[in-house]
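The values are calculated or read from the model by the stated rules, or taken from the named source; none is laboratory data. The structure displayed is predicted, hence computed values, not measured ones. In this analysis, Cβ positions are derived from the backbone assuming ideal geometry, glycine residues included, and neighbour counts consider all displayed protein chains. These area figures cover heavy atoms from the full protein model, side chains too; ligands, DNA and RNA do not enter into them. Shrake-Rupley method; radii C 1.70, N 1.55, O 1.52, S 1.80 Å.
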Amino acid sequence: MRITAGLAAALLLSIPSIPFFKYTRAIPPASSAGQRYIVVDEAVWQGALPGLGDLRLYSGTREIPYALDTERGSSETERKPVRILQPGIVAGRTQFLLEMAGLPEYERIELRLNTKNFVAHARVSGENDPQGSRWAFLGTTTLYDLSEEKLGHNSTLQIPLATYRYLQVTIDAAVKPADILGASAAITHAQKPVWRTILSSGQQAQREKDTVVTFPVPKNVPVERVSFDVDSAEPNFRREIEIRGDNEQLFGSGEISRIHIIRNGQRVDVEQTSLEVRGTSQGTVRAIIHNGDDAPLRITGERVEQYERRIYFDAANGADYKLYYGDVKLEPPVYDFAKLFQKDPAANEAQLAAQEANPEYAGRPDDRPWSDRHPAVLWVAIISAVLMLGGIALRSMRFAKAQ
């Protein structure tokens with residue numbers, strides 16, 4: 001009987017129920033049936049468990065399955081080596097063919113080059129007949145290797161999605177035919193990440209050679225990217241940066257940079273002013289830009305961002321829904337809907353109403369041991385027992401003396 005009661009209590013403590021949630025958000029009814037989603041905001045992050053495992057959707061008293069999706073973006077890349085044919089010099093420039101047979105379509109060609117410290121333009125044309133005369137121009141790419149300046153390299157030909165059996169590549173003389181060691185083609189199916197701004201401003205300060213930008217981030221909100229807007233008049237730069245939390249814990253480190261240079265008459269434009277990080281703030285996030293002996297960057301804007309989290313569900317026409325959270329003892333849900341989830345590109349966003357205290361909130365039954373729930377009674381019992389034992393001991397001592 002005791003085992004049955006204990007099992008029933010354990011089950012009660014693991015099952016979601018509307019009176020166990022502290023907070024609720026209304027979702028306006030849909031005008032038509034179909035997949036919808038709501039976006040997790042700061043109020044949800046602060047009121048729910050850190051992993052969002054206590055989120056539940058209800059329509060009336062009926063629990064609605066959902067899928068929690070992090071909009072990180074995705075990409076699938078198919079890559080295949082391609083043959084290099086007839087490398088040579090034509091009109092003072094390096095020229096060769098790429099045999100693309102076996103690839104139904106492609107958009108990127110990665111060249112393996114045996115040369116450094118160069119900048120060169122590469123012109124790409126396509127044809128189905130290597131002896132044909134109707135080569136279609138597909139674009140021009142700037143190839144470069146700036147190892148001497150420690151500014152990186154690029155050896156990828158980026159073209160529109162193409163299906164030609166042959167590509168003709170013509171490169172400036174900075175790259176010789178013997179420098180072409182290999183090539184591979186790739187097609188990438190990409191879905192861009194969706195970034196959500198947590199804060200759009202911070203407080204800047206100079207500390208010796210460092211620029212420190214402080215962001216008052218709400219507690220328990222994950223931080224996944226810090227971005228900067230740098231004055232367009234700022235010259236080329238390359239600065240180390242680190243992102244730290246309240247207790248100096250490192251969220252991430254790397255570089256921000258801007259490269260606009262002309263080498264051998266060719267222009268190179270590269271800009272990276274965002275840094276992806278990983279951490280959860282308890283109130284403050286600091287970005288520390290190490291300027292070295294250079295003047296501080298003229299930063300005109302700064303943002304703290306995170307990947308957008310979306311709660312997808314199938315909505316019925318005209319049905320009312322509510323999001324509940326704030327049950328610290330609830331385990332994450334396990335739904336077939338989430339296991340088999342397929343995102344509908346036509347899914348519409350539903351706006352969450354303002355957070356409210358759950359009017360039905362009663363809290364979960366207290367599952368602590370009896371002694372933890374009634375410490376005063378326990379101490380009275382202990383003291384009474386001590387006094388009783390002391391009285392017995394005293395009477396025993398008096399009886400022993402009388403003998």
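Where does helix 375-402 land angle-wise versus the long Cα axis of the chain, in degrees 0 to 90, nearest 10? Around 40 degrees separate the two axes. Just so you know, the Cα atoms of the chain work out to an Rg and Dmax of 32.9, 131 Å.
By the Cα gyration tensor, the stretch 259-342 has an equivalent ellipsoid whose semi-axes, rounded to whole angstrom, run 45, 22, 13 from largest to smallest.
Exposure check, 1.4 Å probe, all protein chains in place: Met388 carries approximately 130 Å² of accessible surface. Derived from the Cα gyration tensor, the three semi-axes of the equivalent ellipsoid of the stretch 167-219 are 47, 23, 9 Å, largest first.
Return the distance in nm (one decimal) between the two label points of a simple spin-label model at Val194 and Arg72, each offset 7 Å from Cα along Cα→Cβ. Label at Val194, label at Arg72, 1.7 nm between them. Result for the chain in a Gaussian network model with C-alpha springs under 10 Å: among Phe20, Phe137, Phe228, the largest mean-square fluctuation is at Phe137.
A helix-only calculation puts the chain at -4000 deg cm²/dmol for mean residue ellipticity at 222 nm, using -39500 (n - 2.57) for each DSSP H run of at least four residues, averaged over all residues.
Bridgeable lysines around Lys116 (alpha carbons under 22 Å apart, same-chain partners fewer than 8 residues away excluded): Lys150, Lys176. Geometric descriptor of the stretch 241-380, per residue, is 292 Å³ (volume of the convex hull of the Cα atoms).
The slack between Asn236 and Thr115, meaning 0.36 nm per residue of separation minus the straight C-alpha distance, is 41.1 nm. Going toward the positive end of the dipole of the chain, with +1 on Lys and Arg Cβ and -1 on Asp and Glu Cβ, which of Phe137, Leu323, Gly53 do you reach last? Looking along the dipole axis, the top candidate is Gly53. Springs between Cα atoms under 10 Å define the GNM used for the chain, and in it the highest mean-square fluctuation of Ile383, Ile109, Ile256 occurs at Ile383. Shown for the stretch 39-93 is the translational diffusion coefficient from the Stokes-Einstein equation, using the Kirkwood radius over Cα pairs, a temperature of 20 °C and a viscosity of 1.002 mPa s: 125 µm²/s.
Among Leu181, Leu323, Leu250, the largest mean-square fluctuation in a Gaussian network model of the chain (Cα springs under 10 Å) belongs to Leu181. Compared with the dominant principal axis of the Cα atoms in the chain, helix 2-14 is inclined by about 40°. Over all distinct Cα-Cα pairs of the stretch 45-158, the Kirkwood formula returns a hydrodynamic radius of 19.3 Å. Ordered from largest to smallest accessible area (heavy atoms of protein chains, 1.4 Å probe), the residues Thr61, Thr70 come out as Thr61, Thr70.
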